[in-house]
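The values are calculated or read from the model by the stated rules, or taken from the named source; none is laboratory data. Just so we're clear, the structure is a prediction, and the values are computed from it rather than from any experiment. In this analysis, Cβ positions are derived from the backbone assuming ideal geometry, glycine residues included, and neighbour counts consider all displayed protein chains. All accessible areas refer to the heavy atoms of the entire protein, side chains included, with ligands and DNA or RNA removed. Shrake-Rupley method; radii C 1.70, N 1.55, O 1.52, S 1.80 Å.
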Amino acid sequence: MAAVDRGAATRPGGHGLHLGRLRVRDVRTYVEADVELGPGLTVVAGPNGAGKTNLLEAAYLACTGRSFRQASDADLVRRGAEAGNASATVVTRSGPSVFSVGVDPQAPRGRRLRVDGTPVETLLDHPSRPRMSVFLPDRMVLVKGGPALRRAHLDQLLAVLRPSSSPVRRAFHEALRQRNALLGSLKARGVGVERAGQELQPWDATLAAAAAGLTTARRETAEAIRPAVNVRAAQLGLAGELEISYRPRASEDPEEVVAALAERHAGDLERGFTHHGPHRDDLAVRRDGRLITRFGSQGEQRLSLLALLLGEADVMEEATGSRPVLLLDDVMSELDADRRARLVGLIRERGQALVTVTEAGHVPGAGDEGVGLVDVVPGSAVVARVAAGAPADAPPADEDAA
Amino acid sequence: MQPAPIERLVAAFSRLPGVGPRTAQRLTYHVLSRPDEDARALATALIEVKELIGECRICFNLAEGERCVICEDPRRDPTLLCVVETPADVLPVERTHEYRGRYHVLGGALSPVDGVGPRDLRLEELYRRVLEGDPDDPARGSGPLVDDGTTSSGGPTVTEVVVATNPTTSGEATALHIGAELRERSPQVRVSRLASGLPVGADLEHADEVTLGRAFAGRRTI
Ligand SMILES: Nc1ncnc2c1ncn2[C@@H]1O[C@H](COP(=O)(O)OP(=O)(O)OP(=O)(O)O)[C@@H](O)[C@H]1O
Ligand SMILES: [Mg+2]
Ligand SMILES: [Zn+2]
């Protein structure tokens, strides 16, 4: 057995935090749910519409105070109920901590967030909060869609891996907003390019300083995840080299950015917004040199996204000491038996993961000791049959292929 | 529902910065529980502060009368100007005891998003002060240097301007704007920016004295 496997077995749930008990009341389909999660893999099984995604959403809600699919309070609360609540016991190195989120569409002050009974403004920067890495079928737009989402994703990663870059990111967005507002007003006032240039100059310099800093931080983050994503892609059986590369628009030298902005004054004035800068960056995902966005099959795109999430989890674990909890919704569809077995093997190696499937049989090793099973019975609205324990040594991925 | 006068006071308190509806309620009950004189004293203080405090004619800091205490103080060096965004930013600089010059209060910072452009700030006044120096204070008894009937008879000219706008995006852009303008209009004047011992995105008002003192010592030319 490989050293990695043994390591994972002696450190159940990876190095850091995982969810223990998850309790849900009057959220989505659930009147009540009470689930004890193991530190490793938990399979959430049930027919279409049973409430599997809802359960993952509740776990995410309890730990972040947010939904992972832009949901209003009214959407989240079970139809017919007035208010709902999701809470999770988070197991940390210094003992358990209870995160709880109350949702009441009627409440004027929004969701009620608590940690161990104490109200808090936000859960997001709480030190015991487990990070969550989410795969949803509609997150496929991350590899299929335009650059905006990949940029946002890269910036989220940046916030985790390089928290010190947060001020620069904020400063960039603020400077961009200000410069665009100025362009709009200069245009409306019909100010000539030369005169406008004078007014733009301090904003060009402010924007350039932040833009250059942001570009550097993004490049370093993309470089940091590249090797891990590459490794994970190969392990997932994605043929050919998967390469993540950052495609910046702006220079990392503020002086050069200032010059590039000045060159575009006329065009910027005409259209009333800033054309040059990291707000137009992209993160390219290529396989053997070809953009996966345009040339990947469904399964390949799915595997690429999974490789990205797994690779990022590795890097986050290394950087912060704790591995994000993986919430993988409907991840098995479009994958062949071999790829499924590989994926399950990898997620059982380390860390906590919740995986939804319509039939438990689609997850190789679902019946194994140490793998939790949550049967979501449609209509009952109460979660039944929960089996969870410490994760056993992960079986070699290909042996388990059905 | 509470009696209307109570509602009115709660509403008035809630408009204060940092006061939520609950605190406003508590303050209102507190006022009610105290003797009449206390309420009257508070009301008088509120009205007086608005009636008696205006803007300094020289630096636009808060002043009781024509000039603020700093502009009236003969020991303050009139050749040195510190540019700040608001009157609230003067106090923290004063507390460092590092600075012996005068101030210039801009009345804000450039912010196109809020429609604040160069003409909405006391910038022309700043450039004029730098170019011509501050008018002498007749109350100080020295009288006008040249008795030609104008008030801007010119004191000693400014040799250095320290731009202490907040280290926010707006504050930075304002500092750059001032730096560029002064380089053109008064190239002989040294213009410096507070070194950022200040955390990025922090307001001057909330900076502690030690960091601010250090920032003053390490100011850089812009
Ligand atoms: N606020 C709510 N109150 C009651 N039911 C809701 C609420 N919001 C969503 N639902 C119901 O939840 C069901 C969907 O649940 P969920 O998305 O978790 O299913 P699923 O088990 O993931 O199904 P699939 O296998 O198709 O992905 C829908 O029938 C929907 O009507
Ligand atoms: Mg679902
Ligand atoms: Zn004054």
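Of note:
- Some residue of the range A:144-163 being under 24 Å from A:ARG66 (Cβ atoms) and within 14 Å of chain B (Cβ to nearest Cβ): yes
- Criterion: away from ligand 2 (no atom under 16 Å from the Cβ) and in the same structural domain as A:VAL377 (by TED's automatic domain parsing) - qualifying residue of A:GLY46, A:GLY38: A:GLY38
- Set B:ALA24, B:ALA88: member being part of a helix (DSSP H, G or I), open to solvent by 40 Å² or more (accessible area, probe 1.4 Å) and not polar (S, T, N, Q): B:ALA88
- Condition check for A:GLY240: at positive phi and touching a strand residue (DSSP E or B) at 6+ places or on another chain (Cβ under 9 Å): yes
- Only one of A:LEU291, A:LEU283, A:LEU308 that is exposed (fewer than 15 other Cβ atoms within 10 Å of the Cβ), away from chain B (no Cβ under 14 Å), more than 16 Å from ligand 3 (Cβ to nearest atom) and closer than 29 Å to A:LEU176 by Cβ: A:LEU291
- Among the candidates A:SER87, A:SER94, A:SER72, residue that is away from ligand 3 (no atom under 16 Å from the Cβ), modelled with pLDDT under 90 and among the hydroxyl-bearing types (Ser, Thr, Tyr): A:SER94
- Being without any contact (Cβ under 8 Å) to a residue 40 or more places away in the chain, among the aliphatic types (A, V, I, L, M) and at the interface with another protein chain (Cβ under 10 Å from one of its Cβ atoms) is a property that A:ALA181 has.
- Residue count for the range A:128-138, restricted to those that are modelled with pLDDT of 90 or more and either within 16 Å of ligand 3 (Cβ to nearest atom) or open to solvent by 50 Å² or more (accessible area, probe 1.4 Å) (or both): 1.
- Restricting attention to the range A:311-325 and to residues that are open to solvent by 10 Å² or more (accessible area, probe 1.4 Å) and not in a helix (DSSP H, G or I), the residue that is farthest from A:ASP338 (Cα to Cα) turns out to be A:GLY321.
- Selection within the range A:345-367 - under 23 Å from A:TYR60 (Cα atoms), assigned to a loop (DSSP other than H, G, I, E, B) and more than 16 Å from ligand 2 (Cβ to nearest atom): A:ARG350, A:GLY351, A:GLN352, A:ALA366
- Of all the residues in the range A:139-172, those that are open to solvent by 30 Å² or more (accessible area, probe 1.4 Å) and in contact (Cβ under 8 Å) with a residue 40 or more places away in the chain number 8.
- Listed by first and then second residue, the pairs linking a residue in the range A:54-70 that is open to solvent by less than 10 Å² (accessible area, probe 1.4 Å) to a residue that is within 11 Å of ligand 1 (Cβ to nearest atom) and of a type in the set (Phe, Trp, Tyr), with Cβ atoms under 8 Å apart and 6 or more places separating them unless they lie on different chains, are A:LEU55/A:TYR30; A:ALA58/A:TYR30.
- Elements of the type helices (runs of 4 or more DSSP H) sitting completely within the range A:194-309 and holding at least 2 residues that are within 30 Å of B:VAL116 (Cα to Cα): these cover A:254-263, A:265-271.
- Any hit, the range A:93-110, residues being within 27 Å of A:LEU305 (Cα to Cα), more than 14 Å from chain B (Cβ to nearest Cβ) and in a loop (DSSP other than H, G, I, E, B): no
- Hey, B:THR150 more than 12 Å from chain A (Cβ to nearest Cβ), more than 20 Å from the chain's Cα centre (by Cα) and either at pLDDT 55 or above or not in a helix (DSSP H, G or I) (or both) or not: yes
- Filtering the range A:209-226 to residues that are away from chain B (no Cβ under 11 Å) and either without any contact (Cβ under 8 Å) to a residue 12 or more places away in the chain or open to solvent by less than 20 Å² (accessible area, probe 1.4 Å) (or both) leaves A:ALA211, A:ALA212, A:LEU214, A:THR215, A:ALA217, A:ARG218, A:THR221, A:ALA222, A:ILE225.
- Filter pass, B:GLY107 being open to solvent by less than 10 Å² (accessible area, probe 1.4 Å), of a type in the set (Gly, Ala, Ser) and modelled with pLDDT of 85 or more: no
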